[in-house]
Structures are given as C-alpha cells and as structure tokens.
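The values are calculated or read from the model by the stated rules, or taken from the named source; none is laboratory data. From a predicted model like this one, the values you see are computed outputs, not experimental measurements. With ideal geometry, Cβ positions are generated from the backbone for all residues, glycine too; neighbour counts draw on all protein chains shown. The accessibility values were calculated without ligands, DNA or RNA, using every heavy atom of the protein model including side chains. Shrake-Rupley method; radii C 1.70, N 1.55, O 1.52, S 1.80 Å.
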Amino acid sequence: MSCSKDKFIRVWDLETQHCLQIVGGHRSEIWSMDVDPSERFLVSGSADPELQVFRIRQSVEEGEDWSKWDVLKLFGEIPRQSKERVANVRFNRDGSLVVCQVAGKTADIYRVLDETEAARKAKRRVSRKKEKASAKSMIAEENGTIIDPLPVQNLQNPTVIVTDVFKLFQVLRASKKICSITFSPSNPPRGCLATLSLSLNNNMLETYSVDKEKVSKMYSVEMHGHRSDIRSVSLNSEDNLLMSTSHNAVKIWNPSTGECLRTIDSGYGLSSAFVGNRYALVGTKSGTLEIMDIASGSLTEAIEAHAGSIRSIVPIPDEDGTVGARGFVTGSADHDVKFWEYQLVQKSDNDSKQLTVTNVRTLKMTEDVLAVSISPEGKHIAVALLDCHVKVFHMDTLKPSLNLYGHKLPVLCMDISSDGALLVTGSADKNLKIWGMDFGDCHRSIFAHSDSVMDVKFVYRTHYMFSVGKDRTMKYWDADKFELLLTLEGHHAEVWCLTLSSRGDFVVTGSHDRSIRRWDRTEEQLFIEEEKEKRLEETFEADLENDNDYRYGQKDDAPDEGSVGVPGRKTKETVTSADAIMDALDTAEEELKRINQHKMEEQITAKAAKFQPNVIMQGHSPSDYVLNVVSSIRPNDLEQALLALPFSDALKLMSYLKEWSLVPSKVELVCRVCLVLLQTHHNQLTATPAARSLLTELKDILYCRVKECKDTIGFNLAAMDHIKELLALRSDAPFRDAKAKLMEIKKEQSKRSSSRLDGDEKRKKKRKKASAES
C-alpha cells in the first residue's frame, strides 16, 4: 500500500510490479497510514476531520460483495478530536491500540476491539436502538401515527460497523509540538496496555504508559541534546573534549563516544574556546564573557566584556604555533577588538585559585566586528567588519598591514592557514575568497555554497579547508588548486559552525537542526573525476526537479488536447549524446574541407600526394560517419540530444538529411530528426535564407520516401493476409486455432510413442519366457 498527496491510496502487486487498485475518498492530502499486525484493517489520515478505515481482503474466496481485483474496501470513518491535520498513524504490537498523532501537541489513542467484543457491542447498539424505537412507537400510538419496526434480521444478526471496532480510548497532550510517535515493540510493564515514545520539536524524547484510566509520563530524555540552535563548537588541544553552545546552555561532550559529560546553564552563547582542559570561555549575545569550570560544571565568573554581542573568541598562539597561556582576543558588535590575559586569583584563604581575565589592550574599529582570526605564529590579526572589508593588523603594534575588499556582502567567517601564507574568507554573498598574506592579493574567488557561508577552517599543516553554509552542506576544498574535493550532506537545516581536530582526522559541525555531527576521515581513496561526475548528475537531477515544479505550467502554456510533450528527460546520457553529435559534425566538416582542398591541388598539380583520410572516421565518408553517430544514440535519448543542439549545428545536421533519406532503413530516423529540428528551430529556419532551399528539397524528397515505405509496408501486410487465408483454406481448423491444433498433434504423437514402448516391452517379455522354457 502507498498513500500520497494526490489524495489516493494505491495497492501494488510486488510480483507483477503493477497497481492493482486505486482507492479514493479523502478530500485532502493523505499524510500517513498503517496496517494492523493481523492485516485486517488499514487506517489512513489526512486533513479531513475523520480517519478512514479500510478492510483488507484476506483471501480470494472471501465474500461475494468483494470485486474480483479489490484488496481494500471502505469499512467506515472515525471522527477525530483535533482539527489539525494528521501527521502519523501507528498500530501497537498486537493491534489492540492505534494512535493518531496530529501536527500539534495532541495524539488520539483508539482501542481496537476483537470480533467477539465488536459483535457484543453491535448487539448492545441494536438493543438500544430497539428500545428507542419502541419508546417512539408507544408515543406514536398515542398520537395515532404508525412507525415502521426494525427488521428482524438486524435484531438477530447485527452488522458490525466501524464504531463497534474502533473506540476512542485516551487523548495524550504533550508539553511541546510532537514531531513523531511510535509504540514500543517490547512487552509493556505490568498493568499497562502499551508504552508510547514521542520526539518533540525542542529535541526532547518522552515515553508514556497507556492504561485503562489515563496516559502518564514514564521517562524523558532532557539533558543530552540542545533545545535550540547550536551556534558554536570547539575542541580542546587534546581533542578529547568538545564544547557546544546554544541559547541557554553549554554542553561538554566526549567526541569519541558522543556522551554528554556536563551541562552548564549560560546565556545565548555565540562563540566559545577552551583554556586548557579545566576552563572554558563563552561569549554571549548580550556581550557577557562567561568563565566556566569544566570539572565542577559551574559558572565561576561572568564579565561584562562588551556592549554588543561577542562574535569571536580566538586564543593567542605561542611563537611555535601551539595554543599557550598568552591570552585571547574577542571581537564584538560594539566595534571593539579586545585583548585579554589570564590570571589565577584566590578569592579567600579557604577557596582554591580560580581563573579570571583582564583587558590589556583595545583596538577600536569603525564598524561591527563579525569575525577575528590570528595567524598561527601570532604575528598578524585579521578583523572582518560589517562594511565587507577585512583588515589585517600587526599583533605587536596594532598597525594596519593589509586591507582586503572584494566581497559584496559582509564576511561572516575566516581562517588563516597553519603556515601563515593564505587567508580564506567566507561571506554572505555565498563566495569563498582565498587571499595571500604577503601582498593581500586575491588568489581566487569561488562560488562555494548556494546560501551564506557560515564557517570555514583550514586543516592543520595543509592548504585543504572545510566550509559550511546555510545550504545544509559541508564542503572540502583544495586551496592550492582551487578545486572542490568533496560535498558532505547530512544536516537537515542550516549549518552554523564547525571545528577541526588538531590532526585533521575528524570534523565536528553544529546546526540549526539541533544536532552535532562528527565526520571521520576514512582510508578510502578519493577520485576527483568521480566526484565531479556525481556532482554533474546531481545538477541534472536538480534541473529536472525544477522543471517538474513547473510541469503543469500556466493554463495558456498547456498543450492542445490530444498532443503530448517531448518524451524522455534531460540526463547525463542525453548531454553526452549531444556532445557526440556536435563533435561528429565538426569532424565531418573538417574532413570535407580537406577533401575539397585535395581536389583543388589535384587540378593545379598533376602529381599531388595521395589523400590520407582521417583515422577517426574509420574509413567512412563524412555523411556516413555522422549517420553512424546519430544512429548509435538510444531512441529514448535522441530527442533530448537534438534539443540541446545549437541552431548552427542543427543546420549542419539538416544538410545531411537529403543524402540519408536515400538509405531505405534510415527513412524513419531521418523523418524523426527532421521533425524535432523543425519544431525546435522553426522561427530561425523560416528567417534564414540559406535554409529555405534546403527545406524545399527535403519536403519533396521526404514525402516521396515516406510514401514508398508506406507502400512497401502495405504490400507486405496484404501479402501476409493472403498467406494467412491460403493456410486457413488448406487446414481443417481456422488459422487462429493453429496453437490448439498443434497441441492436439503433439498429444497424438506422445500417445503413439507410449503405445510403441508398451509393445516393445511385451515383445521382450515373450522372448524371455520362450528362452526360459527352452
């Protein structure tokens, strides 16, 4: 069974792979359906105010009221409690319960009664109806009116209807919007009918127990995942701790096992960094710098560092490139870049020393600071501003070194390679720009993502880099060759941030879908050409989907009644076929020029060199070579390949049609090519003087050739009909019964052969007896 937004349910035969039945009845899109384990009922839900229940045919002999090919039959409709559309319909393990989850906070639970309980309920329903009818008849007799009594058959053998089988049992109300729901496959606890698990849109998991009286919450998973977007992720120097920030919490993870080690309440964290393995720094949207103790999982100090949101926290590396204890830099929307140093302070005699920070320098900027990056040796600091510029300063003197501009929209992220030679910037204009740190020249501008680039990082000791964007993808680049190596998909929403391990063996990304994903480097070899081919195929599929979005078109663009569109679709094969036709036309044109030039040389000089044909043409003439290429294209791809030809190549191809039409077996191909090219380039052909004479010649020739083929086919059909009549006259049975006649002949032959075998066995027995007597 399958359901769709076309409001239909279809029944498919998996062996013959065709549709057996199409079931209608819903007035809106069908979003979900399910079949009970015993395969008695199918329940489907849409935006309609009721669920539809269908009976499933158990056997071919079942019931006389079933049609021959029907598998589903409407049993009835169940009214729903909520007005929102159905999102999910699921039966439990034994089929005694069915839950209907809507696109909101509620889920209706229905009890499914067995046959005996349903029959008992039907009898009670009929008896109640009988009592009401008798009461009405008594009142009617007093008034002098007559009411028809209920049929006796309905009283003795009441018909079971859908409300006798499906009964509203409980209504589950969750705290947040329900994303998905399922019954537990294991046995429920004692006293419970079933257990339900929900996933909520705030990334929580809840489990409920369903009993006869109420639905109660048993468990909930609240602490492990974030409740909102993950805005920053960072790894410590040993790559064994991962920190992620969101709107109200900071979480510390083990990146190897995925286990959540600590959850610390905080503000809306936009940036983060580790200080060794004990402390962590978080920059919030309100401008507060929070210092957290990882071991105790507590906030030790909150400093009002900036008046605007802190977009970047970057540790200052040592001269050897390692992250040391020199301090860190913060960049904020209040136009300031501040330099901080670490200090260990003991607040009282009984307390241990705690980490604190002090501001030592401030670099004033003219615009909001969106991103900050420091070179690995700590010589330069790059600052990205809201005015789309990136300014590079010397770290010691804070004097300007470079001013990089070229992005059309603000730079949101950047990074400097480990050797300090390259700076990469990612912008809201969807581009990555690679700059040289020596002169500030732009090496290359790459259209990287289909939406804003949110983060970019170099792999340590290489010029490879990773970038993420709002298009839900992560991409792997070679900054030296400016090539896209790999596109990684997995997130279901915008990817906000990424971080790399120190060895580059894994990448961690955080997304708007509230998930953190770890991507590991494998030992498999990467072939760039294969990846390019995959991306090319995906591009064609995307173009096809875009075409399908407008496949119905406007009413004026719809074809006339009885006409159809071009069969087939644009694929990699059709584009390759179009390229092959164009290459063949160019090769044939060059060969014709060489032939004409050789003829002129023969006329001028008596001793001209012998003509050497092109090896690619394999001894064919230019016309035959092009004809072989066109004939080798699959018929399904031919029309799409011809549609991809430009007008100049289409005109060249039409010049060969006159010669090809002389080949009897190619008349159909010639007519097909001519028809597609005429329909595609009709306006240009009629406006081109050189094409008019060609079209006039083709009109007369093709008409005659098609008429000859038609006469030949007609003659052959008439001859076959004549042979059929002759065979029918000579035979005892009609020609259409030849198969039956053949089977009869085979049976007679088999009988004769069996009788011969029996006679041979009898003779052998007689000979044995005679030899024994002698």
Checklist entry - When the stretch 190-213 is examined, which residues are found to be of a type outside the set (D, E, K, R) and in a loop (DSSP other than H, G, I, E, B)? => result GLY191, CYS192, LEU193, ASN201, ASN202, ASN203, MET204
Checklist entry - Any residue at all in the stretch 61-70 that is buried (at least 18 other Cβ atoms within 10 Å of the Cβ), in contact with a strand residue (DSSP E or B) (Cβ under 9 Å, 6 or more places away or on another chain) and small (Gly, Ala, Ser)? => result no
Checklist entry - Looking at (1) open to solvent by 60 Å² or more (accessible area, probe 1.4 Å); (2) at pLDDT 95 or above, can you tell me which one ASP455 breaks? => result (1)
Item to check | Residue pairs meeting the criteria (Cβ under 9 Å; at least 6 apart or on separate chains; first charged (D, E, K, R), in the stretch 694-710; second surrounded by fewer than 15 Cβ atoms within 10 Å (Cβ to Cβ)) | outcome: ARG705/LEU662; ARG705/PRO664; GLU708/PRO664
Item to check | Failed item in (1) modelled with pLDDT under 95; (2) touching a Ser or Thr at 6+ places or on another chain (Cβ under 6 Å); (3) within 23 Å of GLY510 (Cα to Cα), with LEU486 passing the rest | outcome: (2)
Item to check | Set SER271, SER216: member being over 30 Å from the mean Cα position of the chain (by Cα), assigned to a strand (DSSP E or B) and closer than 30 Å to PRO189 by Cβ | outcome: SER216
Checklist entry - Does LEU662 fit the bill of being within 19 Å of LEU695 (Cβ to Cβ) and outside any helix (DSSP H, G or I)? => result yes
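Checking the conditions here, which among LYS105, LYS121, LYS73 is open to solvent by 30 Å² or more (accessible area, probe 1.4 Å), assigned by the TED database to the domain that holds GLN52 and at pLDDT below 90?
Details: LYS105 fails: at pLDDT below 90; LYS73 fails: at pLDDT below 90.
One residue alone meets the criteria, LYS121.
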Item to check | VAL390 vs. criteria in contact (Cβ under 8 Å) with a residue 12 or more places away in the chain, surrounded by 18 or more Cβ atoms within 10 Å (Cβ to Cβ) and in the same structural domain as GLY269 (by the TED database) | outcome: yes
Next on the checklist: So if I check each of VAL383, VAL424, which one is modelled with pLDDT of 95 or more, aliphatic (A, V, I, L, M), buried (at least 20 other Cβ atoms within 10 Å of the Cβ) and closer than 21 Å to GLU319 by Cα?
Outcome noted: VAL383
Checklist entry - Restricting to the stretch 127-170, what's the tally of residues that are touching a helix residue (DSSP H, G or I) at 6+ places or on another chain (Cβ under 9 Å), at pLDDT 85 or above and among the aliphatic types (A, V, I, L, M)? => result 3
Item to check | Of all residues in the stretch 350-372 being part of a strand (DSSP E or B), free of Cβ contacts under 8 Å to residues at least 60 places away in the same chain and in contact with an Asp or Glu (Cβ under 8 Å, 6 or more places away or on another chain), the one that is least open to solvent (accessible area, probe 1.4 Å) | outcome: VAL369
Checklist entry - Does LEU198 qualify as being open to solvent by less than 60 Å² (accessible area, probe 1.4 Å) and aliphatic (A, V, I, L, M)? => result yes
Checklist outcome for this item: Within the stretch 318-336, the count of residues that are open to solvent by 10 Å² or more (accessible area, probe 1.4 Å), under 20 Å from ASN277 (Cβ atoms) and either in a strand (DSSP E or B) or in contact with a Cys (Cβ under 8 Å, 6 or more places away or on another chain) (or both) comes to 4
Checklist outcome for this item: SER234 meets each of (1) surrounded by fewer than 16 Cβ atoms within 10 Å (Cβ to Cβ); (2) in a strand (DSSP E or B) with one exception, condition (1)
